[in-house]
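> If you scroll down you'll find the structure; I have some questions about it.
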Amino acid sequence: MIRSVSFSLGLLVVIGSFVLANKQQKQSAPPPPPPKVLMIGDSLSVAGFGDAVREHLEHRIGRENVAFFASCGSSPENWLRDEPVFHTRCGYRERTPTTDVYRDYHNGKKPPAVATPKIETLIERYKPTILIVQLGTNWMDQTLSDNHIRAVLARFVSAAHRGGTRRMIWIGPPDSSRFAKVQNRIYRLIQQSLPRGDPVIDSRRFTRYVSGKTGGDGVHYNSESGAAWARPVNASIDQVLAADIAARRKVASNR
């Protein structure tokens, strides 16, 4: 009888040790790697606002996890592979873990033309877990039908998610005194076209264009105003980054 009890106690100790070791192994699992972010934008991201968002991302998750591209004058269709290559002639910004390119006006001289990369190629190359899009501004001065814009957005969303991108964050155009009458239409089309899990940041909530103070052409923001716009946008992006990290940490702990 004593021998049987001793054996049972020994077995319980072995089982308990195994459970404890297994629990400790799960608790000591290495944290998941930070998200990989790809951001693309138009002239509003070439400098000022784009610099503030990019620098925030690099500080938050490391330059090695951020790829940033901005092409002045571009719209979503210009980034699609099955569309003609769009050569920007008014400014280009590219910063990745291995490249740093900046083309803009200098002493009134136009920058050289640069080909806008294709979103499919960028996703294949950088394999982002989160795609940030700051586009739509250049649709506001074009006479495009709602159906045309919806069709472009459907193709863009398909291209963005086909490469395995988990989330897309769309930064909508800021307030514009020049295009005040059409801003709502562009926002409505973007919001209706994106899947529910892809948030649209309404930049109009954080901005008000005052000619002569915010900028000079009713569209573009100076460095100070661009940085002010970027602060609440960065806070919104941080919420998505935090949710992504928490979700992947949960998956890792359950393995």
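The values are calculated or read from the model by the stated rules, or taken from the named source; none is laboratory data. Note that the structure is a prediction, hence the values are computed from the model and not measured. No Cβ is skipped: glycine too gets one built from the backbone with ideal geometry, and neighbour counts run over all protein chains shown. Only protein heavy atoms, including side chains, enter the accessible area calculation; ligands, DNA and RNA are left aside. Shrake-Rupley method; radii C 1.70, N 1.55, O 1.52, S 1.80 Å.
> Using a 1.4 Å probe on the protein chains only, how many percent of the accessible area of the stretch 178-255 belongs to carbon and sulfur?
C and S atoms contribute 50 percent here.
> Using the heavy atoms of the protein chains alone and a 1.4 angstrom probe, what is the accessible area of the chain per residue in square angstrom?
Result: 53 Å² per residue.
> Per 0.36 nm of contour for each residue apart, how much would the distance between residue 106 and residue 222 grow if the chain were fully extended, relative to their Cα-Cα spacing?
The span from residue 106 to residue 222 would gain 40.2 nm if fully extended.
> Treating the angle as unsigned and between 0 and 90°, give the value, to the nearest 10°, between the Cα long axis of helix 146-162 and the longest Cα principal axis of the chain.
Approximately 30 degrees, to the nearest ten.
> Sticking with this one: Mind running the shape call on the stretch 35-156? Use the C-alpha gyration tensor, a ≥ b ≥ c as the square roots of the eigenvalues: rounded below 1.5 for a/c, prolate if a/b tops b/c, oblate otherwise.
Here the stretch 35-156 falls in the oblate category.
> Which semi-axes, in whole Å and largest first, does the equivalent ellipsoid of the stretch 184-255 have when worked out from the alpha carbon gyration tensor as the square roots of 5 times its eigenvalues?
33, 17, 7
> Please sort 98-104, 133-139 by packing, taking for each peptide the average over its residues of neighbouring beta carbons within 10 angstrom, highest first.
Top of the packing list down: 133-139, 98-104.
> Rounded to the nearest 5, what % of DSSP beta bridges with both residues in the chain are antiparallel?
Roughly 40 percent of the DSSP beta bridges within the chain come out antiparallel.
> Which label belongs to the value computed from this structure, given these candidates for Kirkwood radius over Cα pairs in Å: [x] 19.1; [y] 20.3; [z] 17.5?
Checked against the structure: label [y].
> May I ask you to list the residues of the stretch 160-177 whose amide nitrogen lies under 13 Å from a point 7 Å from Cα along the Cα→beta-carbon direction of residue 191?
172-173
> What number in nm² do you get for the stretch 130-228 if you take the convex hull of its Cα atoms and divide its surface by four?
Across all orientations, the stretch 130-228 yields a mean hull projection of 6.5 nm².
> Specify whether the C-alpha gyration tensor of the stretch 88-180 places it in the rounded, prolate or oblate class, a ≥ b ≥ c being the square roots of the eigenvalues: rounded for a/c under 1.5, otherwise prolate if a/b is larger than b/c and oblate if not.
oblate
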